[in-house]
Amino acid sequence: MEVRNGMRPRVKGATVIVMGLLATLFGFGSARADLLQVGDEAPLFSTQAVENGQTVPIRLIDFHGRKVVLYFYPKDNTPGCTKEACAFRDGYAKLARWGIVVLGCSVDSENAHRAFAQKYSLPFPLLLDPGKKIARAYGADNGIPILGLDKRVTYVIGADGLILKVYPNVDPALHAEQIIHDLGANQPPPPSPTLAPTPSASTSPTAAPPSDTGSDNDE
């Protein structure tokens, strides 16, 4: 390429930026720096979420005792994020029957979340994180710094509140099935334990009347 008037070509640098942006929005994304590790305590958060068309308060601590799939994604209604959300939607019943919670999180607005969830019939909450406090706590912020979008990364939080699994490399179309497989949710859940019935009064053994050991002396 010819350089004129002392100007250096910037095509290569611009191409790298554009390719990185397209890779994140349309599909594969890599996020490793500053991520939490398996065994770390999951940062607690309290925010609002869009669920079933409503905006509701939500706290991570409310799910203590259950596994939580917390997935961060760059932006509503982009190709890769739509594939990922729809894959979680399609696999949601398998996760739910094991009591596994699914939470999506991005920097999108309440209205954007609501439109996205309604358009694709998403059955799980989408967290509101406009200040990126949750994303920052989980090392998922600034996936695309020029746009301020989150990284595409997923955490599985164990029932004890510790990080159980980390997925820094996500294929949006296949990720939900990977989660379902890794958590064993592709198998039928174990039967609920059956409690022994409490004996009722009618089935309780009847006490025998006390025997009369005294003597009758008629004088």
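Somewhere in the stretch 67-76, is a residue touching a residue at least 24 places away in the same chain (Cβ under 8 Å) and either over 22 Å from residue 35 (Cβ atoms) or part of a helix (DSSP H, G or I) (or both)?
Yes: one or more hits.
Out of the residues in the stretch 22-59 meeting the condition of being modelled with pLDDT of 95 or more, of a type in the set (A, V, I, L, M, F, W, C) and touching a helix residue (DSSP H, G or I) at 6+ places or on another chain (Cβ under 9 Å), tell me which one is surrounded by the most Cβ atoms within 10 Å (Cβ to Cβ).
50
Restricting the stretch 88-107 to residues that are of a type in the set (A, V, I, L, M) and more than 13 Å from the chain's Cα centre (by Cα), which is nearest to residue 129 (Cα to Cα)?
107
Out of 19, 7, I need the residue that is assigned to a loop (DSSP other than H, G, I, E, B), modelled with pLDDT under 95 and more than 28 Å from residue 188 (Cα to Cα). Which one?
Being assigned to a loop (DSSP other than H, G, I, E, B), modelled with pLDDT under 95 and more than 28 Å from residue 188 (Cα to Cα) holds for just one of 19, 7, which is 7.
The values are calculated or read from the model by the stated rules, or taken from the named source; none is laboratory data. This is a predicted model, so every value here is computed, not measured. We place every Cβ from the backbone using ideal geometry, glycine too, and count neighbours over all the protein chains shown.
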